[in-house]
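One structure below.
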Amino acid sequence: MDLGSLSTTPIEIDQPGTRPGTAIADPLANTIAEKHVVQMEARYLGLLEASPDGMVVVNPSGEIVLLNARAEKQFGYRRDELLGQKVKSIIPEGFAERLIADGTRTAAEALAQQIGTGIELYGRRKNGTEFPIDIMLSPLDSAEGILVTAAIRDISRRKDAEMHLALTAAKYRGLLEAAPDAMVVVDQAGEVVLLNAQAENQFGYHRDELIGQRVTNIIPEGFAERLIADGTRTAAEALAQQIGTGIELVGSRKDGSEFPIEIMLSPLESAEGILVTAAIRDITVRKDAERHLAQMEGRYRGLLEAAPDGMVVVNQHGEIVLLNAQAEKHFGYRRDELLGQDVKNIIPEGFAERLIADGTRTAAEALAQQIGTGIELVGSRKDKSEFPIEIMLSPLESAEGILVTAAIRDITVRKDEERHLAQMEGRYRGLLEAAPDGMVVVNQAGEIFLLNAQAEKQFGYSRDELIGQKVTNIIPEGFAERLIADGTRTAAEALAQQIGTGIELVGSRKDGSEFPIEIMLSPLESAEGILVTAAIRDITVRKDAERHLAQMEGRYRGLLEAAPDGMVVVNQRGEIVLLNAHAEKQFRYWRDELIGQKVKSIIPEGFAERLIADGTRTAAEALAQQIGTGIELTGRRKDGSEFPIEIMLSPLQSNEGVLVTAAIRDISVRKEAENHLGQMESRYRGLLEAAPDGMVVVDQNGKIVLLNAQSEKQFGYRRDELIGQKVTNIIPEGFAERLIADETRTAAEALAQQIGSGIELNGRRKDGSEFPIEIMLSPLESTEGILVTAAIRDITLRKKAEKHLVQMEGRYRGLLEAAPDGMVVVNQHGEIVLLNAQSENQFGYRRDELIGQKVTNIIPDGFAERLIADGTRTAAEALAQQIGSGIELTGLRKDGSEFPIEIMLSPLESAGEVLVTAAIRNITVRKEAEANLVQKIEELNRSNEELEQFAYVASHDLQEPLRMVASYTQLLSRRYKGKLDSDADEFIAFAVDGANRMQRLIQDLLTYSRVGKRGLELLDISSGQALQRALLNLSGAIKQSGALITSGPLPEVKADQVQLTQLLQNLVGNAIKYHSSGIPHIHVSAVRNGLPLWTFSVQDDGLGIEPQFFERIFGMFQRLHKRDEFEGTGMGLAICKKIVERHGGSISVESKPGVGSTFHFTLAATEATSPTPFEETNDDTSPVG
Amino acid sequence: MTIQVLLVEDSPGDVRLTKEAFREANESIHLHVVSDGLEAMAFLNRKGIYANAERPDFILLDLNLPRMDGREVLATIKGDESLKTIPTIILTTSDAEADIQKSYQLQANCYLTKPVQLDSFEAVVRSINDFWLTTAKLPQRR
């Protein structure tokens, strides 16, 4: 509180006693005024006491007239100790003086000068201690004059603070001045309050030019804003946000130039409020450096990013600090996934280790060792796959220490190539070493680069003696030159010209010896440029061969030309490769017209074909087959005319394969002669060969000169075995003698005697056996003299026949005479040529009475006809039809009586005639017997028929009255049952039962009687179907008994369909009826035991039958059981038996009581050989309806 | 409407049985009986005592009859223009194939064998009734 709150107006202090603000007035006014003053005074006193400052009022004399409690406290006095005292006691100096009116001014003026200002003075306490004070004077008009009120403030603390402040300010200023950075302190208004020398330098101002100026003068933007307290934050908050951060701004110098600065703000509390200290750093250089760095960094990053290799920078801890896009790609990571990660993540082994600073070396040394070398390692991708890498390390000094930059190259492809190359190299080396030829690889400089073992051998060097050496060492001439790149062509072109051709050169061995070689060049691209691979072949042998060949060729050509025959040499394609002058003449061609032509032009057929290699043989084989044989062919001249030639082939091995040399001889003349001779000869031979008899031509010496095939056959010789031989070899006796010219006659005469007659002699075969022959001789004039042709006929058969005939004749006559039957031999004319005694007896004739007579005299009908050759058949055929069968005819005796005969005919060939021998048997007795039999049978049949007729009629006619009895007793039973007494019922029941049984018996009898004659014809039927029908008929019984009926395959048989059904029905029915407990199992089957018969079996598992009854059960009315056990008429099996026997079969039974029975019966099979299948039947599946 | 049936049967026992059986089967059947072939023809031709005889709708004919055999009767009936339309069934004890053949050849409308058993016989009669006299359409009397 200052005194300003008091309403006092300064008045002139010269007028003492004037009370402020009052005027003398009337008493009433005074009272009010007095009250007012008292009031005011009280208020004034209150205020005074309450004031926080010490309040001392001093009169113009400088005496304290008033003071408050505070002042008491301040100065340590009691009020009454101070009132009236000089103020100097408490404020020694400074106060009083200020109040003195002196010559220059009045006290009022003096005071006026002080009013409002805080005056710093010293206060003195009671105890004598001093303390600084700040007084504020203000006048106070009073009656005593102008008083001075001094508000006294103890400013000890402030003074201390000020001192401290001054200290720190000094310190601060010291720092400030000393700071490297410019320091500028700005107040809340944004004015600079302080700055240091550095700031002066930075901004180019004097201190006083800046203090009090807006800081925006030197930092146009960015600073003031940051400090502004605005609606959103206070200056303090604004500042707080900036504290600690270096803020980059732009400074503006006095000369207007700008430069980059970084300011660090910090608050400074002061009396003036919060000041902001800004430490300003001129960052021009840094900025430049940064820019440069940024630039470099940009450039560097660019390079890094652009680098083809992955670039990874690793720190000393092995952590990745930097990597480029390529590295990202290589390893499949994003940059941020790798930065800070251990490089081991991407290069598991080999990298980190190399960088480790360990006991032996520092990381730097470790790195230094790696610098510059490409190290092959394995990279590990994000997906865990690995790939080969090559890293090049280089150090990078940085603030973080030495970093290692690794340029990482993915060498997968290179590795593959290396592998492939190694493989190829291996392979190649293998090939090289394995090559049969010497292989030498030469570089462009003509130096041997590579060679194989074979080359070593060829040239007698070891590999290392040759590698690097000039190839001219081993191939003196011809190789290097061919490869030289010269003005006209490059090495590659030079090489290209050589490629593919075998070049003959001379090789030079280590020992100096030379040998012919053939080289084949081929290019080989390599890192070192084009290399030449030469395959070197030692052609010494070949050269020798060539030389030899040339020699031979010369010799040969000589021979060829000198040959008397035409010589033509043909190659495998049939082309003429060589011919001689003679051949030219023969074929009338010039040599050059034929060489290269197909040999077919001169020998159209026969030559080329013989040489053709086809599927079956090679040309060589084909040729081999021809070698040595003179082959007759036809040659064709240039003019087209043909002439016969004979060629002799021989092979000629050559480079071109097997050539064929043909020596060709013109055989025209010879051919003509041959032809003529051949003609004659063939004519003659024709005749000879065609002759049915053997023809042998014998010369005067008795040697066989000619013979035909027939004679070969006759004597069992081959022609060549006989020609030249003595005829006595084949005709031991009788021939040669006849021909000998002896003293009695000439050969001719001898011969003449023989001519025309057939002479029987003996021929001797090759095997020594003899045979009868008949020969007819005739002469043959020839150059060799008179030859004798003998036609030789093998008369073995004839002789045999004759012999046989004689034999047979004898035998026959014997048999004939001895035969029990009459024997008559008849010729084709039906005339008796022979007969025996028995036939004489039979017919009552003498032999001579019958011989020559027609056989119809004794056998009027039936014989002759059978023998007649007529339009439809020959006598032989006619006879053949009769042979073997006994023919019943009638014989006629001399006395005219007839008798029954049976004749058996047989043929008899004799002397070209077919005779018939008839054995004639008198069958009178037999005939009688037969007649008897027939009669008996007829009687039997008749009686059978009568019997059956009777049975039929009986049954049929019995049925009628029986029906009456049965039907009416049933009606009775039906209508009157229960109406009469029980006896009547019983009686009626018996009657009905009897009638029914009678009916069944009669039915069965009827069936039985019908089996024989009234059955159907026996046809081929299916027994399977018959069984089906039988089962159908038995369906009721089957259902009732639950019987299971099965069957095997059942055949076709010759049978009466109805009866077979009946048969099976009876047998199966029986099997069902006579069952034991449980379900009856019945099986029907058929087997065939080779004969044309089927044996059927009906097998059951029923009661069985005791053996003693096996026969009886097939009899009529035979029953084995009582009527109340099983019903039945006892006819069933009798009917079965009759049916089976009617079919020509037999029936039987096998049985074991308690086990079951099997009934067997046989039936004739049909032509079909296998049974037709029949489905298995049982109760469930037997068809109904 | 009554059906007029002519039964030609010589065995009185069989006649009675047949009558009984038809009576059981169908009460509206009127059975006329003659016992030989001649009487049968007289009946059909309305001769003599049969001058007023009804023309039968249906004829049951036995084969083995005295005087005029059933086969003859059949032949005559089927040879008569006016009579041949009457369905004529052979009802006989014979099951001989020859008889069957002959009957059909003579144009019998049906051939039935009299079963031996009574109930079978009754069944046959029933079936005659069921088929011929109930199901089948008979020509109207003219």
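The values are calculated or read from the model by the stated rules, or taken from the named source; none is laboratory data. Model, not experiment: these values are computed from the prediction. Every residue, glycine as well, gets a Cβ built from its backbone with ideal geometry; the counts of neighbours run over all protein chains shown. SASA here: full protein model, heavy atoms, side chains in, ligands and nucleic acids out. Shrake-Rupley method; radii C 1.70, N 1.55, O 1.52, S 1.80 Å.
Is it the case that region A:1079-1100 has a residue that's assigned to a helix (DSSP H, G or I) and not aromatic (Phe, Trp, Tyr)? No: zero hits. Residues that are outside any loop (DSSP other than H, G, I, E, B) and either at positive phi or out of contact with any Gly (no Cβ under 8 Å at 6 or more places or on another chain) (or both) within region A:974-985 comprise A:ARG974, A:ARG975, A:TYR976, A:SER982, A:ASP983, A:ALA984, listed in sequence order. Inspection of region A:665-673 finds a residue satisfying the criterion of being in a strand (DSSP E or B) and modelled with pLDDT of 85 or more.
Rundown of residues vs (1) within 11 Å of another protein chain (Cβ to nearest Cβ); (2) open to solvent by less than 70 Å² (accessible area, probe 1.4 Å); (3) within 24 Å of B:PRO12 (Cβ to Cβ); (4) not in a helix (DSSP H, G or I), yes/no style:
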| residue | (1), (2), (3), (4) |
| --- | --- |
| A:MET964 | yes, yes, yes, no |
| A:THR969 | yes, yes, yes, no |
| A:LEU972 | yes, no, yes, no |
| A:PHE987 | no, no, yes, no |
| A:ALA995 | yes, yes, yes, no |
| A:ILE1002 | yes, yes, yes, no |
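A:HIS1083 meets each of the listed conditions (1) touching a helix residue (DSSP H, G or I) at 6+ places or on another chain (Cβ under 9 Å); (2) at pLDDT 90 or above apart from (1). Inside region A:916-971, residues that are basic (Lys, Arg) and under 30 Å from A:ALA818 (Cα atoms) make up a count of 3.
Tell me, yes or no, whether region B:70-82 has at least one residue that is farther than 25 Å from A:GLU960 by Cβ and in contact with a strand residue (DSSP E or B) (Cβ under 9 Å, 6 or more places away or on another chain). Yes; the residues of region B:70-82 include at least one that is farther than 25 Å from A:GLU960 by Cβ and in contact with a strand residue (DSSP E or B) (Cβ under 9 Å, 6 or more places away or on another chain). For the condition open to solvent by less than 40 Å² (accessible area, probe 1.4 Å), assigned to a helix (DSSP H, G or I) and free of Cβ contacts under 8 Å to residues at least 24 places away in the same chain, A:SER943 does not qualify. Across region A:1078-1095, a minimum of one residue is classified as buried (at least 21 other Cβ atoms within 10 Å of the Cβ) and more than 19 Å from A:SER1151 (Cα to Cα). Of all residues in region A:567-604, those that are loosely packed, with under 14 Cβ neighbours inside 10 Å and either hydrophobic (A, V, I, L, M, F, W, C) or at pLDDT below 85 (or both) total 1. Scanning region B:17-26 for residues that are within 11 Å of chain A (Cβ to nearest Cβ) and not aliphatic (A, V, I, L, M) gives B:THR18, B:GLU20, B:GLU24. Would you call A:LEU140 closer than 30 Å to A:LEU67 by Cα, surrounded by 18 or more Cβ atoms within 10 Å (Cβ to Cβ) and hydrophobic (A, V, I, L, M, F, W, C)? So A:LEU140 fits the description; yes. The set of residues from region A:711-757 being closer than 22 Å to A:LEU688 by Cα and modelled with pLDDT under 85 comprises A:PHE735, A:ALA736, A:LEU739, A:LEU751, A:ALA752, A:GLN754, A:ILE755, A:GLY756, A:SER757.
Within region B:87-128, being within 13 Å of the chain's Cα centre (by Cα) and open to solvent by 50 Å² or more (accessible area, probe 1.4 Å) holds for B:ASN109, B:THR113.
Rundown of residues vs (1) within 21 Å of A:VAL965 (Cα to Cα); (2) within 14 Å of another protein chain (Cβ to nearest Cβ); (3) open to solvent by less than 10 Å² (accessible area, probe 1.4 Å); (4) within 13 Å of the chain's Cα centre (by Cα), yes/no style:
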site	(1), (2), (3), (4)
B:SER11	yes, yes, no, no
B:VAL15	yes, yes, no, yes
B:SER28	no, no, no, no
B:MET41	no, no, no, yes
B:ARG46	no, no, no, no
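Residues in region A:71-97 that are small (Gly, Ala, Ser) and in contact with a helix residue (DSSP H, G or I) (Cβ under 6 Å, 6 or more places away or on another chain): A:ALA96 alone. Checking each residue in region A:178-230 for being in a strand (DSSP E or B) and among the acidic types (Asp, Glu) picks out A:GLU191, A:ASP230. Give the residues of region A:301-334 that are of a type in the set (Val, Ile, Thr) and closer than 15 Å to A:ILE391 by Cα, sorted by residue number. Residues satisfying the conditions are A:VAL312, A:VAL313, A:VAL314, A:ILE320.
Is it true that some residue in region B:69-87 is away from chain A (no Cβ under 14 Å) and at positive phi? Within region B:69-87, none of the residues are away from chain A (no Cβ under 14 Å) and at positive phi. Of all the criteria given as (1) farther than 30 Å from A:GLU191 by Cβ; (2) among the polar types (S, T, N, Q); (3) open to solvent by 10 Å² or more (accessible area, probe 1.4 Å), the one not satisfied by A:THR284 is (1). Has region A:1027-1039 got at least one residue that is surrounded by fewer than 24 Cβ atoms within 10 Å (Cβ to Cβ) and in contact with an Asp or Glu (Cβ under 8 Å, 6 or more places away or on another chain)? For region A:1027-1039, residues surrounded by fewer than 24 Cβ atoms within 10 Å (Cβ to Cβ) and in contact with an Asp or Glu (Cβ under 8 Å, 6 or more places away or on another chain): present.
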